[in-house]
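Report on one structure; see the data block that follows.
The values are calculated or read from the model by the stated rules, or taken from the named source; none is laboratory data. Being a predicted model, the structure only gives us computed values, none of them experimental. With ideal geometry, Cβ positions are generated from the backbone for all residues, glycine too; neighbour counts draw on all protein chains shown. Side chains included, ligands, DNA and RNA excluded: accessible areas come from the protein's heavy atoms. Shrake-Rupley method; radii C 1.70, N 1.55, O 1.52, S 1.80 Å.
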Amino acid sequence: MRIITDERCAGYSSYGHPENPRRVTATIAHLKQQLELPLTWAAPGEVSDEQILRAHSPELLARLKIPEDFDGDTPYHENIANHARASVAAALDALKAARNGENVFSLMRPPGHHATRNQAMGFCYLNNVAIAALEAVATGAQRVAVFDFDVHHGNGTEAILLNQPPAAFFSVHLHPFYPGTGGANVGRNCFNYPITPDAPRATYRAILARALDDLKNYQPDLIAVSAGFDAYLRDPLGGGILEVEDFHWLGRSLRGFGVPMFSVLEGGYSRDLPGLIFAYLKGVEGLPYQSEAAVEK
Ligand SMILES: [Zn+2]
């Protein structure tokens with residue numbers, strides 16, 4: 001398992017903001033002290049404007065350098081354009097590693113799936129997974145699928161990939177919930193699986209399973225995963241109800257498709273995030289789930 005990360009992504013924060021540096025630094029520490037899952041570590045390379053501009057407008061790239069907040073929960077930070085570009089670069093490196101047959105996870109911030117073509121929003125500045133999906137298409141992929149299990153709808157990814165064959169988008173999320181979109185399928189290639197916020201865990205799992213079946217029937221030749229861990233029971237923002245082992249099951253299920261796959265970190269704000277990511281990675285690697293080792297107390 002290759003982990004693409006760079007501790008410099010911990011170099012920005014706003015006091016009290018849930019999308020904080022500890023999400024990544026605590027996960028790095030957790031992964032470095034465990035012995036079950038052999039890891040190789042890599043830092044992200046570079047991304048060109050050309051690669052970003054397949055998904056975003058030049059106006060958004062320019063806007064990222066203007067020191068004004070983007071919305072109430074998406075602050076401007078010094079150097080945020082460079083932080084966002086490093087997160088994109090990590091997703092692109094993850095794509096390359098997946099094509100080389102490696103299991104790979106991009107452990108970076110900021111997340112990306114709410115960023116639309118023209119707008120930074122919802123803690124997201126550039127859409128890492130959409131840029132990587134369009135890079136895959138531009139470099140020969142025939143059927144790319146983005147699978148998004150963050151508890152929030154990946155509105156930005158949907159808006160960017162809408163009716164852009166040969167890519168498809170599958171998102172499982174609470175609805176109605178932030179950002180308000182994702183209540184139904186859109187266009188020819190965006191498939192939404194809304195779950196009512198009071199649904200029990202069994203329902204959430206069943207809808208995830210249905211989305212995975214549809215993903216399989218799409219017959220992707222490459223899967224990009226927006227891995228958000230905020231559907232977790234104790235997530236302070238998510239209000240979801242998944243258990244740690246459900247993330248292991250997600251990883252194992254996606255592994256089961258047997259096609260190149262890479263995952264990028266989206267949301268996930270509980271203090272258990274390192275254990276949730278670890279459980280998911282063990283699933284992707286084909287290792288068994290062991291709850292004692294997977295939950296960081
Ligand atoms: Zn989220």
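Some points to look at:
- Residue-averaged 222 nm ellipticity for the chain, from DSSP H runs of 4+ at -39500 (n - 2.57), nearest 500: -11000 deg cm²/dmol
- Take every DSSP beta bridge whose two residues both sit in the chain; close to 10 percent of them are antiparallel.
- Residue among HIS175, GLY258, ILE241 farthest towards the positive dipole end of region 174-297, charges placed on Cβ: GLY258
- Heavy-atom surface of region 184-257, accessible at 1.4 Å and reported per residue (Å²): 43 Å²
- Share of carbon and sulfur in the accessible heavy-atom surface of region 44-83 [1.4 Å probe, %]: 47 percent
- Electrostatic tally near GLY122: other residues with Cβ closer than 9 Å to its Cβ, Lys and Arg +1, Asp and Glu -1, net -2.
- Scanning residues 5 or more positions from HIS173 or on other chains, those with amide H under 5 Å from its amide H are TYR193, ILE195, with H placed 1.01 Å from N in the peptide plane.
- Stokes-Einstein diffusion for region 1-106 at 4 °C, viscosity 1.567 mPa s, with a Kirkwood radius from C-alpha pairs, works out to 84 µm²/s.
- One decimal place: the segment LYS216-GLU68 gains 49.0 nm when fully extended, by the rule 0.36 nm per residue minus the C-alpha distance.
- Between GLU46 and LEU61, residue separation times 0.36 nm minus the direct Cα-Cα distance comes to 3.9 nm.
- Highest mean first, the peptides 262-272, 48-58, 131-141 sorted by other C-beta atoms within 10 Å per residue fall in the order 262-272, 131-141, 48-58.
- For the chain: rounded, prolate or oblate by the Cα gyration tensor [a/c cutoff 1.5]: rounded
- Hydrodynamic radius by Kirkwood, which averages 1/r over all alpha carbon pairs of region 197-255, in angstrom: 12.4 Å
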